[in-house]
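Have a look at the structure below before the remarks.
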Amino acid sequence: MTRPASDSIAVAGTHSGKGPWMRAGQKLRRDYYGLAGLLIVLLYFFIALGVWLGFWGQDWSAAGGGQWESAGREHWLGTNRLGQDIFQRAVFSVRTAFEIGLVVAVLSTLIGAVLGAVAGYFSGRWIDELVLWLKGVLDAIPFYLFVAAIAFAFKGSAYAMHIAMISTFWTTTGRLVRGEVIKLKHQEFVEAAKAIGLDEMRIIFRHILPNTTHILLVQATIVFVSAIKSEVILSFLGLGVQDGVSWGLMIAESTQEVLVGQFYNFITASLFLFILVMGFNLFSDALQDALDPRSTGSRP
């Protein structure tokens, strides 16, 4: 019995994608720096998961100690000016970082994927010009000025920071996806889909966009890190987290504490942030090398 043309396209895409993904997995397993970064990310995710489930970090706001107590058995990393446990606050901030990073990374990547795919498929038409104009406008606005404007417009809403990040971080993903789609839309499997009468939206989202998954994965990890770093800066400036705690708020607290020789807050928040960002950067670089078809081997 003859297989329908649409099924043939799907099967062809499956077979063509299996080899590259297997090769990417093999290259990623040989990249020891990338694996180390992945272990760091998984460790932080385990900490965040424990906070979400209520196993630890729940007493971050309790002032159960004295002012600026030294590190000891009761308070592993000492206390801050209000007597709050610094370690508990740093652990709870892992949850804050993952919540913001995941929300911004997922939503901005989805928006960039959709707008970039549509613009690339209809390149040269009015919809492509509209997406490029919107991207240019958003890229031209200074990020922190944009966040301040949104925070003022939303009257200090806790979601102002998320909206600002999502509104600006999709542009790079959209540009990369657009360029990839412009190349893919001239491939034979797209021409075959057109020949059997599939509508344009179905071709874009079922047959073309899945072939940009390697770009979306790498961009999602990059946006995740960018969102965490931006949140720390914004919280330090008073434009970020409003109803919780984050490493940015801890560093902001430490600006007064370091003047009297108390460095626990600053060092703890900085180390937690540095290790997570370093781990994600290592993993993101390894993932990009593994998914790059031009790469022939792992890093030394």
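Things worth noting here:
- Sorted by Cβ neighbour density within 10 Å, fewest at the top, the residues K183, K194: K183, K194
- Gyration tensor (alpha-carbon) shape descriptor, the stretch 45-90, a/c threshold 1.5: prolate
- Computed over the stretch 66-194: relative contact order in percent, which uses C-alpha pairs under 8 Å that are six or more apart: 25
- Dimensionless Rg over Rh [the stretch 219-276; C-alpha; Kirkwood]: 1.02
- For the stretch 154-300, the alpha-carbon radius of gyration amounts to 1.45 times the rule-of-thumb value 2.2 N^0.38 Å expected for a compact globular protein.
- Cα gyration tensor, the stretch 19-113 - rounded (a/c under 1.5), prolate or oblate: prolate
- Whether the stretch 244-290 is rounded, prolate or oblate, judged on the alpha carbon gyration tensor where a/c under 1.5 counts as rounded: prolate
- Cα radius of gyration and Dmax for the stretch 74-144 (Å): 21.0, 65
- Sequence-separation-based contact order of the chain, relative, with Cα cut under 8 Å and 6+ spacing, percent: 27
- Difference of contour (0.36 nm per residue) and Cα-Cα distance, S70 to Q256: 65.3 nm
- Cβ-derived FRET efficiency at R0 25 Å, Y159 paired with R202, nearest 0.05: 0.15
- Fraction of the pair-distance distribution of the chain above 23 Å, Cα-Cα pairs, percent: 64
- A viscosity of 1.567 mPa s and a temperature of 4 °C, combined with the Kirkwood radius over C-alpha pairs in the Stokes-Einstein formula, give the stretch 69-187 a diffusion coefficient of 76 µm²/s.
- Normalising the average separation of contacting C-alpha pairs (under 8 angstrom, six or more residues apart) by the number of residues puts the relative contact order of the stretch 123-191 at 27 percent.
- In this simple spin-label approximation, I182 and L134 carry label points 7 Å from Cα along the Cα→Cβ vector, and these lie 1.9 nm apart.
- Rounded to the nearest 20 debye, the dipole magnitude of the chain is 840 debye, with +1 charges on Lys and Arg beta carbons, -1 on Asp and Glu beta carbons, and the Cα centre as origin.
- Aspartates and glutamates with Cα under 16 Å of K27, excluding same-chain neighbours fewer than 8 positions away: D285, D289, D292
- Peptide ranges 46-56, 280-290 listed from the most packed, as the mean C-beta count within 10 angstrom indicates: 280-290, 46-56
- Size of charge dipole - the stretch 124-252 - debye, nearest 20, with Cβ of Lys, Arg +1 and Asp, Glu -1, no other charges: 60
- Backbone N atoms of the stretch 202-224 closer than 19 Å to the 7 Å Cα→Cβ label point of Y33 belong to residues 218-219, 221-223.
- Whole-angstrom gap from the stretch 19-65 to the stretch 164-220, using each part's C-alpha centre: 29
Read the figures in this text as sums done on the coordinates, not as results from a lab. Note that the structure is predicted; figures quoted are calculated from it, not measured. As a convention, Cβ positions derive from the backbone with ideal geometry for all residues, glycine included, and neighbour counts pool all protein chains shown.
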